[in-house]
Amino acid sequence: MIKKITIVLMICLMAFAGVEQPFVQFAQSDYCGPATEAHHMRDDQHWLGAQLITLKVGAGTGVWLSNYMSNWYGTEFANDGGNVDLHINRFDMSAGSYGYVFADALQSLDVKNPDYDSLINWSNGATTSITYYSDSNENIKAMTTGYFLDYFKEDAEIYLVMTTIPADGGDVVDSYEYVQQDGVSNTSLVSRQHNTVDIAGNVRVNYGIDSSTSGWIGREFVAVYTSDPTFRDVNHTTGGPLPCGPIAWAISAMAVLIAKKRRMA
């Protein structure tokens, strides 16, 4: 029994690879695309770049968005914008400019003419610092700003909503809407993909934007989450971080088991 608990604990610790506690990385399997699920492709937009992308979030977790990591040497070496602040440089991350839509809430909409503005849950713009590190050497690190998406009490599947920076048109784009196509949509969004990772192992969500100043350009972001209850209220984050849910369970279970054995001895 102790061996099994130890294995669970090791698996939980492995989940932290690439980002410092209390944050945990999402896996590629947490994102849902068109590879095996036909409902993530539109009938008249059935190419890869037009895929609908959802993110599956767990109950009792807070989700944060940040820029992806392109290097470990600071922003001065980030020629592609990989290590700069997500806000202003990539997307508008101010309060009320980014958020999400529950996938379940869109099931009854007319897919040809979806009006779901009222279903968007806009985020409050709260921020924190997130530190990513190299899998090969935990002493090689880079820090960036994380933007709070929301705290989820129950398991959910969501579409991510972002607002482009003014230089790219200041348009609201998301992982559900039609991408740019003559006669179908009027948007600056030309593609969506999530099939690559950054140097810290984060899944890179790429929104292809028809920028008003730069032409077609990829704007990317990553997501992480925490089960730390102190992050439930992002305006009150005092106190030391607690272990993630699985780790807390494993530690407590092992403690109970050891206590029982001692009483039986």
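The values are calculated or read from the model by the stated rules, or taken from the named source; none is laboratory data. Here the structure is a predicted model, which means the values were calculated and not measured. Cβ atoms come from the backbone with ideal geometry, glycine included; neighbour counts cover every protein chain shown.
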query: What about residue 197, is it crowded, with 16+ Cβ neighbours inside 10 Å, within 16 Å of residue 54 (Cα to Cα), assigned by TED's automatic domain parsing to the domain that holds residue 67 and aliphatic (A, V, I, L, M)?
result: no
- line: Checked against (1) farther than 21 Å from residue 57 by Cα; (2) at pLDDT below 95; (3) surrounded by 17 or more Cβ atoms within 10 Å (Cβ to Cβ), residue 132 satisfies every condition except (1)
query: Across segment 160-187, what is the total count of residues that are under 14 Å from residue 223 (Cβ atoms) and modelled with pLDDT of 95 or more?
result: 3
Among the residues listed as 116, 176, 151, the single one being crowded, with 20+ Cβ neighbours inside 10 Å and hydroxyl-bearing (Ser, Thr, Tyr): 176
task: For segment 104-113, state whether one or more residues are part of a loop (DSSP other than H, G, I, E, B), at positive phi and not polar (S, T, N, Q).
output: no
statement: Taking first residues from segment 133-147 that are over 13 Å from residue 69 (Cα atoms) and second residues anywhere that are modelled with pLDDT of 90 or more and surrounded by 14 or more Cβ atoms within 10 Å (Cβ to Cβ), the pairs with Cβ under 6 Å that are 6 or more apart or on different chains are 147/65; 147/93; 147/127
